[in-house]
Amino acid sequence: MRPLDTQVFQRLTRLYVIALTTVAVLSMAGQLVIQLFLNQLLDDSHVINLAGRQRMLSQRLSKTAVLLCRPDIYQADAEYYSQDIKDILALWQKCHYGLKGGELSIDNNTYAARNSESIDSLFQKLEPTFQVMYLNAQQISQSIEHPAYNQQEKRDLALKQILSHERSFLKMMDKIVFQYDKEASNRVDTIKRIELILFVLLFIVLILEGLLIFRPIANYIRVVIRKLTDSEQELRATNQTLVETQEALVLATEEKFKLQLAEEKVRSASLMEGQEVERKRLARELHDGIGQMLTGLRLLGEKVRSTPFVNEKQERSFGELQKLIQETIEATRTVSFNLAPSVLSDYGVGPAIRILSEQIAKASGVAIEFDEKKLQQRLPESLETTLYRISQEALHNAIKYAEASFISIHLEKQAHEVVLIIADNGKGFDTTVVKKGLGGNGLKNMQTRSNLLNGHFKIQSKVGKGTKITVKIPIGQERKSTISKKKQLIQQTV
């Protein structure tokens, strides 16, 4: 057996569907009737207007015929009035047969004339009068166009026929117009009755809907609310224990997450510091060891150059050897500088980034612009190292991967933070890949270095639109550098 709530729901759903369907059908029927009535009423108004215009055209026809039968008018403006009577006859005939046949086409518009038996009977009575007036008016028009038939007596006779039938035509057209108006009014009354019936039905449906649907729903909701109110205290007591358990679980989870996050930061900071220490050691090894040996080798080569060579080939080979030694010295210096630039510890991050930019621009041929503002004082060592390494990695990515032809670097010290902006015009990339954690190690390292100093790291890039990296690091909040202090940080987090 189905549950009670399911039975009630299905029953109410059926009632809703029936009620709403009935309302929709009645509303749509009312709209259809109104639209149909409006279209018919529009046609009726045009038909009544055209029927009334037939009276005016008959009067114009009589007036023009009178003017054409006067010798003075005929001699002066015969051509004008001849064309006028032809136009009147054409329009008069078209409207007459259109009204009589039940369909008129005027100015590219078609109107339906719904003629009743009474109107058809009136048109049958009107037809002989129309024919007499039309044929005599046509005879007058033809007598004007053909001088051979230009006889005043015939025109006067035709005019007499027109004038004698004009009053009869006007009276009959008045009856037709009144009949059109009467039938249109009857149709309006019929539409009103239909609309009233539909409104009453709709009102009855709404009342039944309130009695059979809304009232049962209201009673059912009242019962449900009463049950919920009765069980509220019990539910609160049960939920309170559950909430306390959940809060304890959430608190333990948050503490565990904070501990893991702190440990991860400590490991990252230790790794970064270890890398910097190893970089400095390798830089000293290169500079003091291999660099000195290469310098000595170059000096020894200069002494050997003073000794005469056996032939030109030996001299050329020795020159190539000297060039290779010099290139090796330059490469060693570059590697040593990239590992741990002495200018960074001696003069600060601004000069270090400037020299780095000049070296990379010279080696790669890429235009690099460096802009430095408000850095008269030295920054903390960890902050300078972070800014330098981020700049180094960003320049490397822009040249190697983005294939940029122009790179701009902006370094500025503000009130409580240092801002580093690196932009290029390279190929760009989809930043959603980085947000999902699928980016390269270079971007992750830059973000990690910034996070270790409580900084803000932002990447803006679109495919084909270049890349912009913005780093904002607060001053005076750099991370402690020793392992003992990092352990204290973990203990404080726990």
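The values are calculated or read from the model by the stated rules, or taken from the named source; none is laboratory data. On a predicted model such as this, the values are computed, not experimentally measured, just so you know. Methodologically, a virtual Cβ is constructed for each residue, glycine included, from the backbone with ideal geometry; neighbour enumeration extends over all protein chains shown.
Key figures
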read-out	value
Condition broken by residue 253, with the remaining ones in (1) among the β-branched types (Val, Ile, Thr); (2) touching a residue at least 24 places away in the same chain (Cβ under 8 Å); (3) within 30 Å of residue 452 (Cα to Cα) satisfied	(2)
Lone qualifier among 297, 271 - being more than 30 Å from residue 447 (Cα to Cα), at pLDDT below 75, surrounded by 11 or more Cβ atoms within 10 Å (Cβ to Cβ) and not acidic (Asp, Glu)	297
Enumeration of residues in the range 374-420 that are of a type in the set (D, E, K, R) and either surrounded by 14 or more Cβ atoms within 10 Å (Cβ to Cβ) or farther than 27 Å from residue 462 by Cα (or both)	374, 378, 381, 384, 389, 393, 412, 413, 417
Hey, residue 211 surrounded by 12 or more Cβ atoms within 10 Å (Cβ to Cβ), under 53 Å from the mean Cα position of the chain (by Cα), assigned to a helix (DSSP H, G or I) and in the same structural domain as residue 61 (by TED's automatic domain parsing) or not	no
Top-ranked residue of the range 146-185 - restricted to ones that are loosely packed, with under 13 Cβ neighbours inside 10 Å and among the acidic types (Asp, Glu), ranked as modelled with the lowest pLDDT	153
Residue satisfying condition, being among the hydrophobic types (A, V, I, L, M, F, W, C) and not in a helix (DSSP H, G or I), within set 99, 104, 163, 135	104
Residue match in the range 424-443 (condition: assigned to a strand (DSSP E or B) and at pLDDT 85 or above)	yes
Among (1) in a strand (DSSP E or B); (2) surrounded by 13 or more Cβ atoms within 10 Å (Cβ to Cβ); (3) more than 38 Å from the chain's Cα centre (by Cα), the one test that residue 371 misses	(2)
Yes/no for residue 366 being closer than 26 Å to residue 395 by Cα and either at pLDDT 65 or above or surrounded by fewer than 11 Cβ atoms within 10 Å (Cβ to Cβ) (or both)	yes
Residue within the range 352-362 that is farther than 26 Å from residue 465 by Cβ and modelled with pLDDT under 85 present	yes
Pairs with Cβ under 9 Å, 6+ apart, first in the range 205-233 and farther than 30 Å from residue 21 by Cβ, second part of a helix (DSSP H, G or I)	228/235
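Let's see how each residue does on (1) at pLDDT 65 or above; (2) basic (Lys, Arg):
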| site | (1), (2) |
| --- | --- |
| 13 | yes, no |
| 18 | yes, no |
| 35 | yes, no |
| 53 | yes, yes |
| 61 | yes, no |
| 75 | no, no |
| 82 | yes, no |
